[in-house]
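Structure, as structure tokens:
The values are calculated or read from the model by the stated rules, or taken from the named source; none is laboratory data. All values reported here derive from a predicted model rather than from experimental measurement. Counting neighbours? That spans all protein chains shown, and the Cβs are built from the backbone with ideal geometry, glycine included.
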Amino acid sequence: MPRRLATALTSIVLPLAGLSALMLLLELSKHAGYLPVTLPAPSQVWSALLANPRGIGLALGETTMNAIRGYAVAIVVALGAAFIAAFVAALRPTIYNLGVGLSSIPLIAATPLLALWLGNGPLTRSLIAGLASYFPLLVGAMQGFRAYETNHMELFHVYSASRWRVFRFLILPSSLPYLFTGFKLAAPLAVLGSLTAELTGAENGIGVLMLNALFNFDIKMVWLTVLVACAMSGAGYAIWALIERLTIYWEAPSNSSG
């Protein structure tokens, strides 16, 4: 356990130390005049945040809620479709091909059409976030629900287990690594979808601040919104990675030599 704790702390401390060193290098380089005007110092980006913390917070909350709503709907739909595909083999190709078709639609093209049909409100932005994150969830679930061992399935059939018991005690545990892979990959895509939808005329959101800053050539605000968007995507991935580590405890790495 101490070794695992040390490994976990190292995986956190080393990236933070590297990031801190990079920030210090950028700060010193900016003051020395080595950086172009389009690359501000970290202190300048921080000052842009301190200049309007409430506005940034409201925009962050708006983008986050739209991403979460769309992401949640995408999870429900993708898991439901994969569940049907797992038990009705004849529908499996159709469900997968529909997912491929949806993922092939460019978000920048679908957003204005949905805005025309549904209005440029939270519903449209959440729907775009759901469309952006749907396919990785579907693929992960469809692969996961077929990842069980054949001899294990035969054993369940020998004991005449019901379909629900087969799913609960065999299919679902076997599918968890694939499901979490889909969850982790889809979370940043939901943020991307929410940001993309905001670029078509939303009233508030990180994407709106980003677009306004770009038009006004506010370099500090452009970088601030970009970093906030990256932090949102990274946080979505990290949250699911943590849940995965806590849930699939039986696959935790072990060191047999110690």
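Residues satisfying the criterion are absent from region 200-212 (criterion: among the charged types (D, E, K, R) and in contact with a Pro (Cβ under 7 Å, 6 or more places away or on another chain)).
Would you check which residues across region 157-191 are more than 32 Å from the chain's Cα centre (by Cα) and either outside any helix (DSSP H, G or I) or surrounded by 18 or more Cβ atoms within 10 Å (Cβ to Cβ) (or both) and list them?
In the first step, residues of region 157-191 are kept if they are more than 32 Å from the chain's Cα centre (by Cα); the result is 157-162.
Passing the criteria: Y159, S160, A161, S162.
The set of residues from region 208-248 being of a type in the set (S, T, N, Q) and either touching a His at 6+ places or on another chain (Cβ under 8 Å) or in contact (Cβ under 8 Å) with a residue 12 or more places away in the chain (or both) comprises T225, S233, T247.
Counting only residues that are without any contact (Cβ under 8 Å) to a residue 24 or more places away in the chain and out of contact with any Leu (no Cβ under 7 Å at 6 or more places or on another chain), which one in region 128-157 is nearest to L192 (Cα to Cα)? So, considering only residues that are without any contact (Cβ under 8 Å) to a residue 24 or more places away in the chain and out of contact with any Leu (no Cβ under 7 Å at 6 or more places or on another chain), the one nearest to L192 (Cα to Cα) is T150. When the residues of region 95-128 are filtered to those that are in contact with a helix residue (DSSP H, G or I) (Cβ under 7 Å, 6 or more places away or on another chain) and of a type in the set (S, T, Y), the one that is nearest to A74 (Cα to Cα) is S126. Being surrounded by fewer than 18 Cβ atoms within 10 Å (Cβ to Cβ), charged (D, E, K, R) and modelled with pLDDT under 95 narrows it down to one of R125, R54, so name that one. It is R54.
Checked against the criteria, G18 counts as in a helix (DSSP H, G or I), more than 19 Å from L192 (Cα to Cα) and not basic (K, R).
Screening E198 against (1) over 18 Å from I56 (Cβ atoms); (2) out of contact with any Leu (no Cβ under 6 Å at 6 or more places or on another chain) leaves a single unmet condition, (1). Residues that are loosely packed, with under 15 Cβ neighbours inside 10 Å and either small (G, A, S) or free of Cβ contacts under 8 Å to residues at least 24 places away in the same chain (or both) do occur in region 192-207, at least one of them.
Figure legend. Inter-residue proximity from region 163-183: first residues in contact (Cβ under 8 Å) with a residue 40 or more places away in the chain, second residues of a type in the set (K, R), beta-carbon distance below 9 Å, spacing 6+ or different chains. Indicated pairs: I171/R146. Condition check for A89 on (1) at pLDDT below 95; (2) exposed (fewer than 13 other Cβ atoms within 10 Å of the Cβ); (3) under 28 Å from the mean Cα position of the chain (by Cα): one failure, at (3).
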